[in-house]
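The values are calculated or read from the model by the stated rules, or taken from the named source; none is laboratory data. Note that this is a predicted model, so its numbers are computed, not measured. Every residue, glycine as well, gets a Cβ built from its backbone with ideal geometry; the counts of neighbours run over all protein chains shown.
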């Protein structure tokens, strides 16, 4: 449809979804919406990286349980994280004996994995397919910024990387919300060079993808009960809202951001909000999809955004390219 959108022949059903999070995430507004909470940042493991893999593995097993299948019954898994060589995802798959596709889309990875899994199921190449994404505050800080022991001061525009993982199990048959449309994102560079301003770097990419989705499908924001980005935070969400206001599109009352939903900026020290690809994964799989099953929303447009940078590139003076992928999910008959 149009330039960047596909309509699935479907139905592609989200049979089961689950989210596993850390203690800080469970202290936020969505505390009752998660399937598993770990009070220890190590999740009982020997390192933060191993803890992140355990978060992923936990989310997969819980989602498969809700879908009524064993993890070994999956035909393939699309998974990604923020770490070098996607080690959290690769190590999480050890022992499952399931075909695995490792992904990197930064914080857009949940939408990327969901899109690829949905197309694989829709094309008849898999009966059951999982989309999984995770992040961990401590492992991300160690890789992207400074050691936790350093205690560096955080910029007001900085966001807090979520310790969380989310998983969706998709199939051609069954009961649950359905993925109907996918809008693939293009890499867009707004020229932002500040690594602590992810919202400013990603907001233009979110705008481009959402605008293209509306143009390709002929839909408007009013066609959705909820338009959800992740994770722009306070600054990025404000920029995106202003962009659409200039186009005469009012997002008020139907737009929110995963980075603003996961934490309370008033009571938790997260500055501009949450981030990390586990943030949007946990909000989607633990809160939004559950809300759709409960009848809270019937049509949701999920648009996860990612800053495709590395510390090396930024230290070489590179700006931060960004991307956004979008998926339309519904409980209504199309």
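Only one of the listed residues (280, 264) is over 21 Å from residue 202 (Cβ atoms) and touching a residue at least 40 places away in the same chain (Cβ under 8 Å). That residue is 264.
Filtering 203, 245 for residues that are in a helix (DSSP H, G or I) and in contact (Cβ under 8 Å) with a residue 40 or more places away in the chain leaves a single hit, 203.
For (1) out of contact with any strand residue (DSSP E or B) (no Cβ under 8 Å at 6 or more places or on another chain); (2) surrounded by 24 or more Cβ atoms within 10 Å (Cβ to Cβ), each residue gets a yes or a no:
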position: 251; (1), (2): no, no
position: 254; (1), (2): no, no
position: 263; (1), (2): no, yes
position: 271; (1), (2): no, no
position: 274; (1), (2): no, yes
position: 280; (1), (2): no, yes
position: 283; (1), (2): no, yes
position: 291; (1), (2): yes, no
position: 303; (1), (2): no, yes
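Residue-by-condition table, conditions (1) crowded, with 23+ Cβ neighbours inside 10 Å; (2) free of Cβ contacts under 8 Å to residues at least 24 places away in the same chain:
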{"residue": "36", "(1), (2)": "no, no"}
{"residue": "51", "(1), (2)": "yes, no"}
{"residue": "54", "(1), (2)": "no, no"}
{"residue": "72", "(1), (2)": "no, no"}
{"residue": "79", "(1), (2)": "yes, no"}
{"residue": "91", "(1), (2)": "no, no"}
{"residue": "95", "(1), (2)": "no, yes"}
{"residue": "118", "(1), (2)": "yes, no"}
{"residue": "142", "(1), (2)": "no, no"}
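Considered as a group, the residues in the stretch 97-111 that are assigned to a loop (DSSP other than H, G, I, E, B) and in contact with a strand residue (DSSP E or B) (Cβ under 7 Å, 6 or more places away or on another chain) include one that is surrounded by the fewest Cβ atoms within 10 Å (Cβ to Cβ), and that residue is 99. Exactly one residue out of 185, 199 is within 26 Å of residue 286 (Cβ to Cβ), in the same structural domain as residue 270 (by TED's automatic domain parsing) and out of contact with any strand residue (DSSP E or B) (no Cβ under 6 Å at 6 or more places or on another chain): that is 199. Could you list, in sequence order, all residues of the stretch 298-334 that are more than 16 Å from residue 175 (Cα to Cα) and assigned to a loop (DSSP other than H, G, I, E, B)? Correct list: 308, 309, 310, 316, 317, 318, 319, 320. Of 169, 192, all but one fail to be modelled with pLDDT of 95 or more and either within 19 Å of residue 324 (Cα to Cα) or not in a helix (DSSP H, G or I) (or both); the exception is 169.
Quickly run through the stretch 75-96 and pick out the residues that are modelled with pLDDT under 95, in a loop (DSSP other than H, G, I, E, B) and farther than 16 Å from residue 58 by Cα. If the condition is that a residue be modelled with pLDDT under 95, in a loop (DSSP other than H, G, I, E, B) and farther than 16 Å from residue 58 by Cα, then 82, 83 are the ones that fit.
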